[in-house]
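Visitor: Before we start, here is the structure in question, set down as structure tokens.
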Amino acid sequence: MAEVAKKTALTQDGKKASFNLFPELCKGCGLCIQKCPVKIIVWSTDLGVYGTPAVCTNDQDKCIACKNCEMVCPDAAIRIVKTEEK
Amino acid sequence: MTREKVALAPHMPKCWNPDTKPHKFCPGCGHGLALKMLGEAIDELGIQDKVVFGCDIGCSLLAWDFFNVDSVQTHHGRTTPVITGIKRARPEIIGIAYMGDGGGYAIGAQHLVNSATRNEKVTAILINNTNYGMTGGQMAPTTLPGQKTETTPYGRDPKETGYPTLGPEMVAAIAREGAYVARGSISNLRQLKKYLKKAIQNQMDGNGFSFVEVLSSCPTNWRTNAEATWSFVEKDMAEYFHVGEFKVPGLKEEK
């Protein structure tokens, strides 16, 4: 099987995990904003694929790496990468 | 806040066709979530080369190029018999019929009922978003009492139009031993994936008909924002449509 091709992601590093958003996949539905347990996902100034606001986090250090946002994204536009333990 | 640009592979199920992403569904549509869980279920079972995926007319037809699996797009309501036919001709494949509530409970109700009665060894997945999404949000058999749609501007009146169809309950009542019937919801995706996996596994074991209804969202036609969308799926819909397993095949007899 062909590997999924890499796309441009906007990344935000935090203590536990980094928040990576793919603007060419994000449709700006906002489902992730509601499902974040620590309420750090907000509308971004970057635009998604339909020219609507994409999302970003306002304090990535608060992220608990639960991956709820990655799971509820219907377009797989979010990817959470856990920071490797040092 | 600094946002660096990096090259990274999106975390998609392997059986998705990445060239067709972003997919054609509306922002916030539950089809994407249901198909994501179905994709993960197919990946975990390792059956990508055996699956034949059939989609109905309606919003569900937008999934025709969604997966890197053999796909067929059928006449309206005829997804279950088409997949049944393919399964009968080629019993080694795994047939998945994917339809909306119009294709399963309205025009395709006879096929769903008869396939369940005959206990065909196929998996039917029905997405319930309480309206006809593609044509602009008209009343469907699953529209909730009092819900406003294009054709029920004052809310659905059960006295005139009856009560919403309870599909899994109906299928569980007519299906024979060996059938698997469940209702999942996009508000509990881990549970939904478990149900979808069990439904496909049931077909692979040759037990009988497998049917999973998925409570889904339609923000475009409900005219809801993300918060109201979740609240409608989790509260209003879950109150009428109970999530759970309705029929689980017992232990199969030893040969």
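Visitor: In the range A:37-62, which residues are among the β-branched types (Val, Ile, Thr) and either touching a Phe, Trp or Tyr at 6+ places or on another chain (Cβ under 9 Å) or touching a residue at least 24 places away in the same chain (Cβ under 8 Å) (or both)?
Guide: Matches in the range A:37-62: A:Val38, A:Ile40, A:Ile41, A:Val49, A:Thr52, A:Val55, A:Thr57.
Visitor: Considering only residues that are farther than 20 Å from A:Met71 by Cβ and of a type outside the set (D, E, K, R), which ones fall in the range B:201-217?
Guide: B:Gln201, B:Asn202, B:Gln203, B:Met204, B:Gly206, B:Asn207, B:Gly208, B:Phe209, B:Ser210, B:Phe211
Visitor: Quick one: which residue in B:Lys193, B:Lys197, B:Lys247, B:Lys235 is touching a helix residue (DSSP H, G or I) at 6+ places or on another chain (Cβ under 6 Å) and farther than 25 Å from B:His111 by Cβ?
Guide: Step by step, each of B:Lys193, B:Lys197, B:Lys247, B:Lys235 is checked, and only B:Lys193 is touching a helix residue (DSSP H, G or I) at 6+ places or on another chain (Cβ under 6 Å) and farther than 25 Å from B:His111 by Cβ.
Visitor: Please work out which residue is farthest from B:Ala7 (Cα to Cα), limiting yourself to the range A:67-86 and to residues that are within 11 Å of chain B (Cβ to nearest Cβ) and among the β-branched types (Val, Ile, Thr).
Guide: For the range A:67-86, the residue satisfying everything is A:Val72.
Visitor: Let me ask you something else. Among all residue pairs at least 6 apart or on different chains, which show Cβ distances below 8 Å where the first residue, located in the range B:233-254, is assigned to a helix (DSSP H, G or I) and among the β-branched types (Val, Ile, Thr) and the second is buried (at least 16 other Cβ atoms within 10 Å of the Cβ) and at pLDDT 90 or above?
Guide: These pairs meet every condition: B:Val233/B:Gly30; B:Val233/B:Ser185; B:Val233/B:Ile186; B:Val233/B:Ser187; B:Val233/B:Leu215; B:Val233/B:Ser216; B:Val233/B:Ser217.
Visitor: If you don't mind, another one. Could you please find all residues in the range B:160-191 being among the hydroxyl-bearing types (Ser, Thr, Tyr) and either within 30 Å of A:Asn68 (Cβ to Cβ) or assigned to a helix (DSSP H, G or I) (or both)?
Guide: B:Thr161, B:Tyr180, B:Ser185, B:Ser187
Visitor: Quick check on this structure: which one of B:Val51, B:Val72 is touching a strand residue (DSSP E or B) at 6+ places or on another chain (Cβ under 8 Å), within 14 Å of chain A (Cβ to nearest Cβ) and hydrophobic (A, V, I, L, M, F, W, C)?
Guide: B:Val51
Visitor: Just checking, does the range B:225-234 include any residue being touching a strand residue (DSSP E or B) at 6+ places or on another chain (Cβ under 9 Å), closer than 23 Å to B:Lys193 by Cβ and surrounded by 15 or more Cβ atoms within 10 Å (Cβ to Cβ)?
Guide: yes
Visitor: Specify which of the listed residues (A:Ile64, A:Ile78) is among the β-branched types (Val, Ile, Thr) and more than 12 Å from the chain's Cα centre (by Cα). Write out each step before concluding.
Guide: Working: A:Ile78 fails: more than 12 Å from the chain's Cα centre (by Cα).
Only one candidate passes the filter, namely A:Ile64.
Visitor: So which strands (runs of 3 or more DSSP E) are wholly in the range B:5-113 and hold at least 2 residues that are of a type in the set (A, V, I, L, M, F, W, C) and touching a Leu at 6+ places or on another chain (Cβ under 8 Å)?
Guide: In the range B:5-113, B:94-100 are the strands (runs of 3 or more DSSP E) which contain 2 or more residues that are of a type in the set (A, V, I, L, M, F, W, C) and touching a Leu at 6+ places or on another chain (Cβ under 8 Å).
Visitor: Only one of these is under 28 Å from B:Thr224 (Cα atoms) and surrounded by fewer than 24 Cβ atoms within 10 Å (Cβ to Cβ): B:His31, B:His76. Name it. Let's see the steps before the verdict.
Guide: On the way: B:His31 fails: surrounded by fewer than 24 Cβ atoms within 10 Å (Cβ to Cβ).
Result: B:His76 is the single residue among B:His31, B:His76 that is under 28 Å from B:Thr224 (Cα atoms) and surrounded by fewer than 24 Cβ atoms within 10 Å (Cβ to Cβ).
Visitor: Being hydrophobic (A, V, I, L, M, F, W, C) and part of a loop (DSSP other than H, G, I, E, B) is the filter; apply it to the range B:114-141 and report the residue that is surrounded by the fewest Cβ atoms within 10 Å (Cβ to Cβ).
Guide: Among residues in the range B:114-141 that are hydrophobic (A, V, I, L, M, F, W, C) and part of a loop (DSSP other than H, G, I, E, B), the one surrounded by the fewest Cβ atoms within 10 Å (Cβ to Cβ) is B:Met134.
Visitor: I would also like to ask the following. Any idea which of (1) crowded, with 24+ Cβ neighbours inside 10 Å; (2) closer than 29 Å to A:Gln60 by Cα; (3) touching a Lys or Arg at 6+ places or on another chain (Cβ under 9 Å) is the one B:Leu38 doesn't satisfy?
Guide: With (1) crowded, with 24+ Cβ neighbours inside 10 Å; (2) closer than 29 Å to A:Gln60 by Cα; (3) touching a Lys or Arg at 6+ places or on another chain (Cβ under 9 Å) applied to B:Leu38, the lone miss is (2).
Visitor: Could I ask something else about it? Pick from B:Leu61, B:Leu45, B:Leu8: which is away from chain A (no Cβ under 12 Å), surrounded by fewer than 21 Cβ atoms within 10 Å (Cβ to Cβ), over 16 Å from B:Leu126 (Cα atoms) and modelled with pLDDT under 95?
Guide: Among B:Leu61, B:Leu45, B:Leu8, only B:Leu45 is away from chain A (no Cβ under 12 Å), surrounded by fewer than 21 Cβ atoms within 10 Å (Cβ to Cβ), over 16 Å from B:Leu126 (Cα atoms) and modelled with pLDDT under 95.
Visitor: Quick one: would you say B:Gly85 is within 16 Å of the chain's Cα centre (by Cα) and more than 14 Å from chain A (Cβ to nearest Cβ)?
Guide: Answer is no for this residue.
The values are calculated or read from the model by the stated rules, or taken from the named source; none is laboratory data. All of these numbers come straight from a predicted model, not from anything done at the bench. No Cβ is skipped: glycine too gets one built from the backbone with ideal geometry, and neighbour counts run over all protein chains shown.
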